[in-house]
Amino acid sequence: MVINATNNWWGTDNPQIGSEIQFINSPEGIVDYSAPATAPQRAPILTSLSVTEPVFSPNGDGVKDVTTLLGTLTASADWTVTVSNSSGGVAKLFNGTGPAISATWNGTNTIGQVVSDGDYLFVVTAAAQGVNSQPGMQRVRVDTNPPVVTVPGDITVEATAVLTTVPLGTASAVDPEDGPLTPTASPTGPFGMGVNQVTWTATDAAGNPGQAIQTVTVQDATPPQLTVPNKTLVEIILQFQTQIQTLTKRVEELESQISKNSRNSSKPPSSDGLAKPPNPKSLRKTCNQKLMLEGQILCNDGFDATGSASPDKPCQSMQQ
């Protein structure tokens, strides 16, 4: 049997047998001390380790679908991250090199299947120049079950305005992992006429939303009310009668003003407008008597100065 002591630090980069390497009661061939290290070998130290989501839900809804393990080493090293289930079985492996550790897990196992809900353990190991670090561990939980939300009963109310304020009541929620939660409602009102749906939502630590619907119906079943002034029927009739008399008198005055023009009133001709009044009839009467006045014979229309009927001949005056 040969003991492997290669790449070992002997206190110098050129160890010598009998000085740095000594054999006591043992043959030299029992130890392989070839290829000594040129400097002291120190294991990398894990200075920080955390996860972005201690509880996540790999259900593809875009909310907390993955979690990322982040760590820092004191020196560059080859590191390995092993994801183990509660039974110790390996669910996923990640490998990398460098002083920074980063491993993003989407909740699938080594063959691409989504793992079952439950607790999982990240185990980090690192090695540099054949020296292993102390392992680091970080626990996460996979949770794809949404909370169960219980809402108040449906509501039917009478409208009080175009939009009506309605007290919705209080909803409750319980999550299998997180316990009791407080749901929120949307919308909260006021509500218009008809059937309105209110969605109550509660979200657990893994980002799973639980929802339930409450219905709010706003109706108008109350007939309108007619408000009559505080007057008796007789008072109302007398009031209408007075108004009718006043309007009748006003119409008569307007008709009288419209019928007047320059022929039958003192209105000037310019007030007649485009309407032409009918020609007036002559007020002179036919007469066959001779009128004597200061030596002149006067005649009426249609007779000459001698008193003879002559409709076409104008009347002439005569001297005695």
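The values are calculated or read from the model by the stated rules, or taken from the named source; none is laboratory data. Note that the coordinates shown come from a computational prediction; the quantities given were computed from them, not determined experimentally. Glycine also receives a Cβ, built like all others from the backbone with ideal geometry; neighbour counts cover every protein chain displayed. Calculation scope for accessible area: heavy atoms of the full protein, side chains included, ligands and nucleic acids excluded. Shrake-Rupley method; radii C 1.70, N 1.55, O 1.52, S 1.80 Å.
Can you find even one residue in the range 149-161 that is hydroxyl-bearing (Ser, Thr, Tyr) and within 30 Å of SER116 (Cβ to Cβ)?
yes
Residue-wise test of (1) open to solvent by less than 70 Å² (accessible area, probe 1.4 Å); (2) in contact (Cβ under 8 Å) with a residue 40 or more places away in the chain.
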| site | (1), (2) |
| --- | --- |
| PRO167 | no, no |
| THR170 | no, no |
| GLY189 | yes, no |
| MET193 | no, no |
| THR199 | yes, no |
| ASP204 | yes, yes |
| GLN214 | yes, yes |
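Looking at GLY210, GLY189, which is the one that is on the phi > 0 side of the Ramachandran plot and either part of a strand (DSSP E or B) or modelled with pLDDT under 95 (or both)?
GLY189
What pairs come out if I take residues in the range 78-98 that are free of Cβ contacts under 8 Å to residues at least 12 places away in the same chain and pair them with residues that are open to solvent by 30 Å² or more (accessible area, probe 1.4 Å) and assigned to a strand (DSSP E or B) whose C-beta lies under 9 Å away, six or more apart or interchain?
Close Cβ pairs satisfying both conditions: GLY88/LEU121.
Taking the options ASP78, ASP65, name whichever one is touching a strand residue (DSSP E or B) at 6+ places or on another chain (Cβ under 8 Å), acidic (Asp, Glu) and not in a strand (DSSP E or B).
When all the criteria are applied, what remains is ASP65.
Pick out the one residue from THR144, THR125, THR52 that is under 27 Å from THR199 (Cβ atoms) and hydroxyl-bearing (Ser, Thr, Tyr).
THR144
Among the residues of the range 107-126, is there at least one that is modelled with pLDDT of 90 or more, among the charged types (D, E, K, R) and assigned to a loop (DSSP other than H, G, I, E, B)?
The answer is yes, given that some residue of the range 107-126 is modelled with pLDDT of 90 or more, among the charged types (D, E, K, R) and assigned to a loop (DSSP other than H, G, I, E, B).
Please specify each residue of the range 173-186 satisfying the condition of being closer than 24 Å to VAL142 by Cα, at pLDDT 95 or above and open to solvent by 30 Å² or more (accessible area, probe 1.4 Å).
Once the filter is applied, which keeps residues that are closer than 24 Å to VAL142 by Cα, at pLDDT 95 or above and open to solvent by 30 Å² or more (accessible area, probe 1.4 Å), the range 173-186 yields VAL174, PRO180, LEU181, THR182.
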